[in-house]
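First the structure, in the form of structure tokens, and then the observations on it.
The values are calculated or read from the model by the stated rules, or taken from the named source; none is laboratory data. Everything numeric here is computed off the predicted structure, so don't read it as measured data. When we count neighbours, we look across all protein chains shown, and the Cβ atoms used for this are built from the backbone with ideal geometry, even at glycine.
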Amino acid sequence: MEIETTTRAAEAIRRHGAAVGLHQNPVQQAYADFIAEGIEAARNGGDARPGGQLFAEAETGVGKTIGYLVAAGLDCVEHGSRAIIATHTLALQHQIIEHLPNGELDPGCDMAKALRIVELETGVRLKAALRIGRRNFVDPDRVQAVAERLRKERELSADEESDLAALQAWAEENPGAEFRQFLEEYGIDALPCDLAQEDLCISAETTHEAARAALERHIRQAHEADIVVTNHAMLIRQAIAIGQPILEGDDPHDTRPIGVIVVDECDRFPDTARSASSELLPINAFLASARAWTPKDAQEREAVIGAIEALRAYMMDLRDQMGDSRKQEAVILFDDMSAAQRQAVIGHIEAIASALTPLMGRPTRADDNEDELREHAHELASIYRAIKGASSKDGGRGSRAEVVALRWSPTKHYPSLRTFRLQPARLLKRIWAVWASANDADADVQEYAPKEVAQSDLFHEPKKACSRAKALILTSATVSAPSRNDRPDLVEISDAYGIYAPSNACDEMNRRGMVFTPTRFGRVRIVCSDPAAPMPFLPPKDEQGAKADEEDEILAQVNPAWVDYITKMAAAAHAEGGRTLVLTTSYRATAALAESMRAAGLPVIEKTRDKTVGSCTAKLVAAPNGVFVTPGSWEGFDISRFTGPDGKPAKIKHVIMSQIPFGRVDTGVNRAMALELQRRGMSTDRAQGTLHAIIRARAARKAKQGFGRGIRGPADSFTFWIGDVRFPRPAIYDARLPANPNAKTFATMAYIIPRRFRQSAATPSAWDQATLFTVDGRRISRSEA
């Protein structure tokens, strides 16, 4: 039943916010109103604009989570529809929605507060649920099997045996529970014996009834909920499944459509989309699955094996032609190959497809040991579509949707086929409006269908039409790269997400204004690097004439002098008291800094690949003067919701940005992007310049997110330490101190610092009062410089 209401989200928050502990926040209310207006515009777009896509940037302090939850919840009540919230990580999902041990919503989480506001406004109590992947849930049988195998393979230490036994007992008592519950309950950093969740989680082969029931209960709760909190990766998998409705439920009587999808932390969405949408087909694994296959017709099996072996032999011949100088991973973009080589690969793929056609044309049979082979066949079909569709247009902009590459592993040079997307965030185009199959006669529907649907598949799988969402909200603290005028670059973000004015009912709103910034929120002291400070990396030894100030640092070696400089900076921060967050850009740099800081006597908490963020967070919360060194907490890291030993919310008092978070330039994706820009008519130099501009924009977004880790509430105060000599300093230091001839300064990086800390009408701003950290470990003021 639809409930008629004209209530706007801002009015609901203003009237009922106090009932859930919110203070009056006009900026939050304006943000919520903007989201609600965008949803309304999307719903009223008409046939010409079937749905709308809204960009909304909101800095820390705006309270955007409750803002968009209330707006989406009111839309659910008014239209009898559902809403999906997609975040970047599991930790962020749990920040939005958290349950108590009895299954009730934690009244302190944002979801509980938002649902209560909606209920007080409309009288309707909505249901909310979490939706995560099955790799997060334990299968006790797999734990038992892996434990038995480990004990047979090697002798375990007493600690390893104790932890492994604890995991077994916990799994038996809690079948289908989340692994994070085990880590939190036992207070450990990672699963014992270096085990991975993928080896122990519920899979398609799981037979443990209680574990399967737990997962099915989790899925059913998501199907029944009005608002579902999921993650970017799961949303992408739904988008890739063109013919499958989003979060389709088991109940045929539940016909509620998806009205709103909110993509929070949307600046991280492209990375997840690229990873989730990439295909990697290892030829050796493909061949092994064919050899293990036991069909009734042995000749059918031999034909498949022979075709795969021929492709493998051809790819190994190509690898041999590269010479022995390439000791690391070898990748050849399909477009870089000669026409004869490309045609040879296509011919081998089509030969494999021909051999597999009888299998793929039959219904699935459980007794043929064919599941893995079918899965590889689907991967091959996806790669083939990418090859055949390489010249297709994506989003009307003339760019290629996917790039194909041949890859050989860095050790034994095993061959693989791989695809990746140049503009992966454009997959979001598949989750609004209505998509249809290529055979659908409804031209109005077909106009909005992605062109990939119409491309030929190796095995001609039918696609069905299905309903998608009306409104797509893309929100983050950094939707666009920070700029001098604090205005978003609509051209950049529109191109990244494939969202253009002619088909967007929210276009006028995006142009009118989408940035929400608190005028007064928190305080900061800024410490800049010395112009004489060392660079983070040494110049690559094998590239003569390489510039040390370039963004590309993949081949560079961590500079020991820089490690020493950051260690001194961390020691100075630690001496002032409070928790210190040291942000790095790689595990390599993290390990070097952590080792140096331990030698200096600092209480270091190091994020390694096998330690969860949750376990590190728990240690930091328990250590009022701890130093957390990590490459992965630039976004979404918030410890203020936890209580420290003093009974107060835990706070970060120092954030050290050890280096500007530049990404790699030499990746296969970036090489393909540069080639694509040249195909569009750019010169080589201009294409490289454009690529570097994209990398700088990404780094600025990430750095701004890192700055925000220190302010989570209106009264928070922290110190922002800048350890990278390439970050600009206030003009007075440049006037008084000699410049570093080895380090290019990126002036636009200064705009990662919010305007309220850079400009002040009444008194000097925090930026104007910034101090300098010298190479010998002293802090000096502008008057001393």
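Among the candidates Glu78, Glu59, Glu104, single out the residue that is of a type in the set (D, E, K, R) and free of Cβ contacts under 8 Å to residues at least 12 places away in the same chain.
Matching residue, one of Glu78, Glu59, Glu104: Glu104.
If I ask for residues that are farther than 20 Å from Arg778 by Cβ and among the β-branched types (Val, Ile, Thr), which ones from segment 561-612 would you list?
Those that are farther than 20 Å from Arg778 by Cβ and among the β-branched types (Val, Ile, Thr): Thr584, Thr585, Thr590, Val604, Ile605, Thr608, Thr612.
Quick check on segment 586-613: of everything there that is at pLDDT below 95 and touching a Lys or Arg at 6+ places or on another chain (Cβ under 9 Å), which residue is nearest to Phe773 (Cα to Cα)?
Going through the qualifying residues, I end up with Tyr587.
For Thr60, state whether it is of a type outside the set (Phe, Trp, Tyr), part of a loop (DSSP other than H, G, I, E, B) and closer than 26 Å to Arg701 by Cα.
yes
Please go through (1) over 28 Å from the mean Cα position of the chain (by Cα); (2) part of a loop (DSSP other than H, G, I, E, B) for Arg598 and return the number of the only condition it doesn't satisfy.
(2)
Taking the criterion of being assigned to a loop (DSSP other than H, G, I, E, B), modelled with pLDDT of 90 or more, touching a Leu at 6+ places or on another chain (Cβ under 9 Å) and under 18 Å from Cys76 (Cα atoms), would at least one residue in segment 225-245 satisfy it?
Yes: one or more hits.
Mind listing whichever residues of segment 574-595 are more than 30 Å from the chain's Cα centre (by Cα) and assigned to a helix (DSSP H, G or I)?
Matches in segment 574-595: His574, Ala575, Glu576.
Out of the residues in segment 163-205 that are of a type in the set (S, T, N, Q) and in contact with a Phe, Trp or Tyr (Cβ under 9 Å, 6 or more places away or on another chain), which is farthest from Arg151 (Cα to Cα)?
Selected residue: Gln181.
What number of residues within segment 617-627 satisfy the criterion of being within 11 Å of Val604 (Cβ to Cβ) and in contact with an Asp or Glu (Cβ under 8 Å, 6 or more places away or on another chain)?
The number of residues fulfilling the criteria is 0.
Quick one: is Pro730 outside the structural domain of Ala477 (by TED's automatic domain parsing), touching a strand residue (DSSP E or B) at 6+ places or on another chain (Cβ under 8 Å) and touching a residue at least 12 places away in the same chain (Cβ under 8 Å)?
It is true that Pro730 is outside the structural domain of Ala477 (by TED's automatic domain parsing), touching a strand residue (DSSP E or B) at 6+ places or on another chain (Cβ under 8 Å) and touching a residue at least 12 places away in the same chain (Cβ under 8 Å).
Residues are listed down the side, and each one gets a yes or a no for (1) among the β-branched types (Val, Ile, Thr); (2) modelled with pLDDT of 90 or more; (3) part of a helix (DSSP H, G or I); (4) within 21 Å of the chain's Cα centre (by Cα):
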{"position": "Gly73", "(1), (2), (3), (4)": "no, yes, yes, no"}
{"position": "Cys76", "(1), (2), (3), (4)": "no, yes, yes, no"}
{"position": "Ile84", "(1), (2), (3), (4)": "yes, yes, no, yes"}
{"position": "Pro107", "(1), (2), (3), (4)": "no, yes, no, no"}
{"position": "Val124", "(1), (2), (3), (4)": "yes, yes, no, no"}
{"position": "Leu164", "(1), (2), (3), (4)": "no, yes, yes, no"}
{"position": "Gln168", "(1), (2), (3), (4)": "no, yes, yes, no"}
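Taking the conditions exactly as written (closer than 19 Å to Val725 by Cα, touching a strand residue (DSSP E or B) at 6+ places or on another chain (Cβ under 6 Å) and surrounded by 22 or more Cβ atoms within 10 Å (Cβ to Cβ)), does Met597 satisfy them or not?
Spelling it out, it is not the case that Met597 is closer than 19 Å to Val725 by Cα, touching a strand residue (DSSP E or B) at 6+ places or on another chain (Cβ under 6 Å) and surrounded by 22 or more Cβ atoms within 10 Å (Cβ to Cβ).
What pairs can you find where one residue is in segment 672-683 and on the phi > 0 side of the Ramachandran plot, the other is in a loop (DSSP other than H, G, I, E, B) and among the small types (Gly, Ala, Ser), and their Cβ atoms are less than 7 Å apart, with a gap of 6+ or different chains?
Filtered contacts from segment 672-683: no entries.
Can you tell me which condition Leu772 does not meet? The list is (1) at pLDDT 95 or above; (2) touching a Leu at 6+ places or on another chain (Cβ under 7 Å), and all the others hold.
Tallying (1) at pLDDT 95 or above; (2) touching a Leu at 6+ places or on another chain (Cβ under 7 Å), Leu772 fails exactly one: (2).
Any chance you could count how many residues in segment 740-756 are surrounded by 18 or more Cβ atoms within 10 Å (Cβ to Cβ), assigned to a helix (DSSP H, G or I) and either basic (Lys, Arg) or modelled with pLDDT under 90 (or both)?
Qualifying residue count for the region: 1.
Which pairs have Cβ atoms under 6 Å, sit 6 or more apart or on different chains, and link a residue in segment 616-628 that is assigned by TED's automatic domain parsing to the domain that holds Phe718 and more than 16 Å from Glu185 (Cβ to Cβ) to one that is assigned to a strand (DSSP E or B) and aliphatic (A, V, I, L, M)?
Filtered contacts from segment 616-628: Cys616/Ile605; Leu620/Ile605; Gly626/Ile605; Val627/Val604; Phe628/Leu581; Phe628/Ile605.
I want to confirm something. Restricting to segment 265-314 and keeping residues that are in contact with a helix residue (DSSP H, G or I) (Cβ under 7 Å, 6 or more places away or on another chain) and assigned to a loop (DSSP other than H, G, I, E, B), which single residue is surrounded by the most Cβ atoms within 10 Å (Cβ to Cβ)?
For segment 265-314, the residue satisfying everything is Glu265.
Of Glu492, Glu508, which residue is surrounded by fewer than 20 Cβ atoms within 10 Å (Cβ to Cβ), at pLDDT 85 or above and assigned to a helix (DSSP H, G or I)?
Glu508
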